[in-house]
Amino acid sequence: MKLEDSSALVVGGAGGLGAATVRRLVAAGAKVVIADLAEETGLALATELGDNAIFVKTDVLSEDSVNEAILAATDMAPLRVSVDTHGGPGGGRTLDRDGSPLPFDTFMQVVQIFLHGTFNVLRLTASAMSKNDPDPDTGERGVIVNTASIAGYEGTIGQVAYGAAKGGIIGMTLPAARDLSVVGIRVGTIAPGVFATPAYGQSLDAIEAEWGPMVPFPKRMGQPDEYARMAMAIIENPYFNGETIRLDAGIRFQTKGSRS
């Protein structure tokens, strides 16, 4: 995918993985919309990056909101890249310690934000991309990169909702790629392991001490730019399609995570 004279949408672009991806895309010549609910950090990142990045406050569960972000992108240049890294709540155990069930609304909220929100962004960005002229060399009109998690394969205790949502993202990758093949749009998914981002709600030193020793090699948490580099590899490789790639340095979640 040629990024010059193209725009990109990064959903969750004000956060750790998203912000690193925004920086990589701008450096590669794309004009980028930082789509996020975090207005202060999103505006600060856009200011830092200058004329090739703008912030648009975006709710992934709102069709109108996502379409506003897409319109902001297409106003700059044809939208050819969408990377979705948005975050959300984690849920809880199926039963708590006194036998009370996980509230159904809690489960649904996690699934809605992660799975439904990801599909909402996918379907709307794909519609916009389908109107692009195909690349004369590859026939591509666009590429969509979603974010799952290794919890979608082996969620730990307390991740029943999160694991279901991320497993759903993994499960829709291939059929979405097949659906969109007729219009020249590729779909790929990254399933990260443990990455050092503010999403944990602790200092980076604290989460590194907690999770780093569990990683086989390199024996540390992933860095956001390592996610961004993988996203760029998917974007730039025209033969990558319909696949989920684990980015986890060999870690496999056990029955209990470090905080279960």
Q) Applying the Karplus parametrisation 6.51 cos²θ - 1.76 cosθ + 1.60 with θ = phi - 60° to the phi angles of segment 146-160, what ³J(HN,Hα) value in whole Hz is obtained for each residue in order, glycine and proline being reported as x? A) 9, 10, 9, 5, 5, 5, x, 9, 9, x, 8, 3, x, 10, 4
Q) Is segment 1-83 rounded, prolate or oblate when judged by the Cα gyration tensor, a ≥ b ≥ c being the square roots of its eigenvalues, rounded requiring a/c under 1.5 and prolate requiring a/b larger than b/c? A) oblate
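Helix-only mean residue ellipticity at 222 nm, the chain, DSSP H runs n ≥ 4 weighted -39,500 (n - 2.57), per residue, nearest 500. What is it? It would help to have the intermediate numbers written out before the result.
Values: 9 runs with 104 residues, N = 260.
Here the helix-only value at 222 nm equals -12500 deg cm²/dmol.
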(Q) Can you bin every Cα-Cα distance in segment 81-122 into 5 Å intervals starting at zero and give me the percent of pairs per bin, rounded to whole numbers? (A) 5, 23, 24, 17, 12, 9, 6, 3, 1, 0
Q: Could you go through segment 237-249 in sequence order and give the Karplus-derived ³J(HN,Hα) for each residue, using 6.51 cos²θ - 1.76 cosθ + 1.60 with θ = phi - 60°, rounded to whole Hz, and x for Gly and Pro?
A: 9, x, 9, 8, 7, x, 10, 10, 10, 6, 10, 9, 6
**Q.** For V32, residues with placed amide H under 5 Å, excluding near neighbours
**A.** A8, A53, I54
Q. Counting pairs of Cα atoms in the chain, how many percent are more than 35 Å apart?
A. 13 percent
Q) What is the Cα centroid distance between segment 157-196 and segment 121-150, reported in whole angstrom? A) 15 Å
Q. Measuring from label point to label point, each 7 Å out along Cα→Cβ, what is the K2 to L204 span in nm?
A. 3.6 nm
Q) In whole angstrom, and with the biggest value first, how far do the Cα coordinates of segment 101-196 range along each principal axis? A) 54, 25, 24
Q | Amide hydrogen neighbours beyond the local backbone of G158, cut-off 5 Å, H modeled | A | T94
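Provide the packing ranking of 142-149, 123-130, 248-255, i.e. peptides ordered by the mean count of other C-beta atoms within 10 Å per residue, highest first.
On the way: 142-149: 26.1, 123-130: 19.2, 248-255: 15.0.
Ranked by mean Cβ neighbours within 10 Å, highest first: 142-149, 123-130, 248-255.
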(Q) Accessible area per residue for segment 154-260 in Å², computed with a 1.4 Å probe and the full protein assembly in place, what is it? (A) 48 Å²
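Assuming a ≥ b ≥ c are the square roots of the Cα gyration tensor eigenvalues, decide whether segment 31-184 counts as rounded (a/c under 1.5), prolate (otherwise, with a/b larger than b/c) or oblate. Write out the running numbers ahead of the final one.
Working: a/c = 2.67, a/b = 1.58, b/c = 1.69.
Taking the square roots of the gyration eigenvalues as a ≥ b ≥ c, segment 31-184 is oblate.
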**Q.** Under 5 Å, built H, 5+ apart or other chain: amide partners of G222
**A.** V194, F195, A196
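From the Cα gyration tensor of segment 112-154, with a ≥ b ≥ c the square roots of its eigenvalues, which class applies: rounded if a/c is under 1.5, or else prolate if a/b is larger than b/c, or else oblate?
On the way: a/c = 6.37, a/b = 1.93, b/c = 3.29.
Oblate, because a/c is 1.5 or more while a/b does not exceed b/c.
The values are calculated or read from the model by the stated rules, or taken from the named source; none is laboratory data. Since we're looking at a predicted model, the values are computed, not measured. All Cβ positions, glycine included, derive from the backbone under ideal geometry; neighbour counts span all protein chains shown. Side chains are part of the model used for accessible areas, which takes the heavy atoms of the whole protein and leaves out ligands, DNA and RNA. Shrake-Rupley method; radii C 1.70, N 1.55, O 1.52, S 1.80 Å.
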